[in-house]
Amino acid sequence: MITGAASGIGREAAVLFAAEGACVVAVDVDEKNGRESVATIERAGGKAIFVKADVSKSDDCREMVAAAERTYGRLNVLFNNAGIMLGADDDAVATAEDVWERTMAVNARGVFLGCKHGIPALRRAGGGSIINTASFVAVLGAATPQIAYTASKGAVLAMTRELAVIHARENIRVNALCPGPLRTELLMKFLDTDEKKQRRLVHVPMGRFGESKEMAQAALFLASDESSYTTGATFLADGGITAAYVTPL
Ligand code: NAD
């Protein structure tokens with residue numbers, strides 16, 4: 001099950017996981033593009049269903065998990081990937097409280113609710129893998145202010161570590177995928193001038209934005225048995241941005 005599967009990382013992951021033989025549950029609030037992700041998978045001969053759900057709502061999360069079990073019998077992988085970065089997200093002084101609330105509701109509560117309803121299903125399946133999409137901004141201070149987003153991703157990273165420790169003996173692995181800055185709609189809309197883009201790129205040793213496909217490959221590793229001894233990891237796929245600027249803890 002992949003949330004945020006209508007676009008960006010989620011769509012690429014849905015297509016890649018299906019190509020690897022997974023039965024995919026593509027979850028999103030965006031029905032049109034979510035169904036397009038499913039159609040792309042089906043055209044390539046893969047298996048997928050679309051479930052419309054808002055990950056900030058508990059009932060929706062309960063239903064998406066139920067749909068996965070109803071359709072495919074069990075849930076093995078939960079990729080809590082849906083997230084938002086609002087244009088009005090700024091520094092602490094300028095950011096409106098409703099921007100904070102909306103961002104935390106989707107990015108932090110969405111991951112919590114995915115786990116709340118998904119973990120019982122993973123238990124029923126005998127274990128599995130949870131991947132939570134955090135961000136490099138959870139481990140360093142971003143040069144462009146986005147206080148609500150940064151706080152929400154810090155919450156995802158901290159939550160991931162606790163989940164990993166608590167559920168390790170249940171054969172449930174939990175890792176945080178921390179992408180660097182990507183050439184996706186989400187970030188390009190936010191860094192909407194060349195100056196803002198350059199300001200971000202100057203910090204990336206590779207000198208380019210990452211691609212959603214590259215994040216899908218990282219998520220595939222974390223989803224698969226190839227990562228069977230990896231849990232609680234801050235899995236950075238960030239073009240080296242944190243290696244250049246963060247002192248290892
Ligand atoms: P995107 O905007 O292309 O895709 C996000 C998807 O999530 C969209 O399809 C959107 O409809 C969906 N979504 C939004 N709110 C939702 C909700 N309440 N319920 C269900 N679905 C919802 O963005 P992306 O770049 O693919 O981002 C995916 C994840 O990666 C996000 O968590 C984002 O914060 C994170 N991330 C992105 C970058 C980047 O540079 N783009 C960097 C680090 C982390």
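Descriptive notes on the structure:
- Being of a type in the set (Lys, Arg), touching a helix residue (DSSP H, G or I) at 6+ places or on another chain (Cβ under 7 Å) and either more than 10 Å from the ligand (Cβ to nearest atom) or open to solvent by 20 Å² or more (accessible area, probe 1.4 Å) (or both) holds for only one residue in Arg11, Arg70, and it is Arg11.
- Extreme residue, farthest from the ligand (Cβ to nearest atom), among residues of segment 73-87 that are closer than 27 Å to Lys189 by Cβ and in contact with an Asp or Glu (Cβ under 9 Å, 6 or more places away or on another chain): Gly87
- Flag for Phe235 being part of a strand (DSSP E or B) and open to solvent by 50 Å² or more (accessible area, probe 1.4 Å): yes
- Among the residues of segment 69-100, those that are under 13 Å from Tyr149 (Cα atoms), over 19 Å from the mean Cα position of the chain (by Cα) and in a helix (DSSP H, G or I) comprise Glu97, Asp98, Val99.
- Checklist (1) more than 22 Å from Ser129 (Cβ to Cβ); (2) within 10 Å of the ligand (Cβ to nearest atom); (3) of a type in the set (Val, Ile, Thr) applied to Thr40, failing item: (2)
- Qualifying residue in segment 87-101 (condition: touching a residue at least 60 places away in the same chain (Cβ under 8 Å) and open to solvent by 10 Å² or more (accessible area, probe 1.4 Å)): yes
The values are calculated or read from the model by the stated rules, or taken from the named source; none is laboratory data. These numbers were taken from a predicted model, which means no experiment stands behind them. Heads up, the Cβs are rebuilt from the backbone with ideal geometry, glycines too, and the neighbour counts pull from every protein chain shown. With ligands, DNA and RNA removed, areas are computed over all heavy atoms of the protein, side chains included. Shrake-Rupley method; radii C 1.70, N 1.55, O 1.52, S 1.80 Å.
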